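Reviewing the structure listed below.
None of the figures in this text is laboratory data; all of them are computed from the coordinates on show. The structure displayed is predicted, hence computed values, not measured ones. Here the Cβ positions follow ideal geometry from the backbone for every residue, glycine too, while neighbour counts run over all protein chains shown.
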Amino acid sequence: MGAAGAVEIRGALLRLRRTTGLPVAFGGLVEGGRQQMRISELIGTATPALSSLTVTSGNGLGGRAVALARPCAVTDYSSSRQISHEYDTAVATEGLRSVLAVPVVVRRRVRGVLYGALRTPQPLGDRTLTAAVQAARDVEQALVVGEEVRAVLAATRAEQAPGPAAGSAWEMVREAHAALRALAPRITDAALRAELLDACELLAPGASPQAGVALAPRELDVLACVAAGATNAIAAERLGLRAETVKGYLRSAMRKLGARTRGEAVVAARRAGVLP
């Protein structure tokens, strides 16, 4: 994730504190494949006790969130029996009592943790938990977009370079296009979603006036998944749709493209310039 990930974590913590009124918010990134998270971003803290603290998967509240890949919360950290207590000294030094930890999960891997905390032992309500989960989802979306953009840039460089790598470059572009199309409907930030769809259009040559093809956005989403080799069931999972709905969009797209099979539909869409 690197520096870009740290920026996303900090932005999410700022939004979390603003929307919930929590006095303290902090978090950090999981380092490599070691399942250790280092706290690097702190907002509202009064001491350096938590700064650069390394949290191991399974240990403490954050480590529990990493291990389970789901939100965890305690009403009184120091006395909670739900967690282990390797980090009690740092937490007590900062004066934290009620704490929640929400993992940032990207493609089923925990990539970071967001914390929110009070200095009094009182339950953190559903509104606070919902806001924390949304903040983690915002980080997830930004990281996925960043990864897909990097994949597109790598594919573009490979296409321009001589040698065997050029032969597979377009397949990489097509896979990235399909992933971006599948991600776009799940992005809650309207401006980011629009930018992502604009980027998708840059990857396709663009329909010519003579093509006469006007696919609906969801029809194009389904075709992009099919072009990347996805079955209807996998396309449904990626797009958050029912399998029958995917079949309906695919049939409609095939009819518009004059295609009798899935493969013909993909070829026709590429010839029309609506798929890379």
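Note on E171 and V133: the model spin-label points, each 7 Å out from Cα along the C-beta direction, lie 3.9 nm apart. Were the residues from T47 through R108 laid out at 0.36 nm apart, the gain over their Cα-Cα distance would be 18.6 nm. Amide H to amide H distances under 5 Å link V105 with R111, where only residues 5 or more positions off or on other chains count and H is placed in the peptide plane. Length gained on full extension, L68 to R251: 61.9 nm, using 0.36 nm per residue less the C-alpha separation. Taking packing as the residue-averaged number of other Cβ atoms within 10 angstrom, the listed peptides 58-65, 70-77 run from highest to lowest as 58-65, 70-77. Among G28, V106, I83, whose Cα projects farthest towards the positive end of the dipole of region 2-139, with charges put on the beta-carbon of Lys, Arg (+1) and Asp, Glu (-1)? Toward the positive end, the furthest listed residue is V106. With K and R counted +1 and D and E -1, the other residues having a Cβ less than 14 Å from that of T120 yield a net charge of 0.
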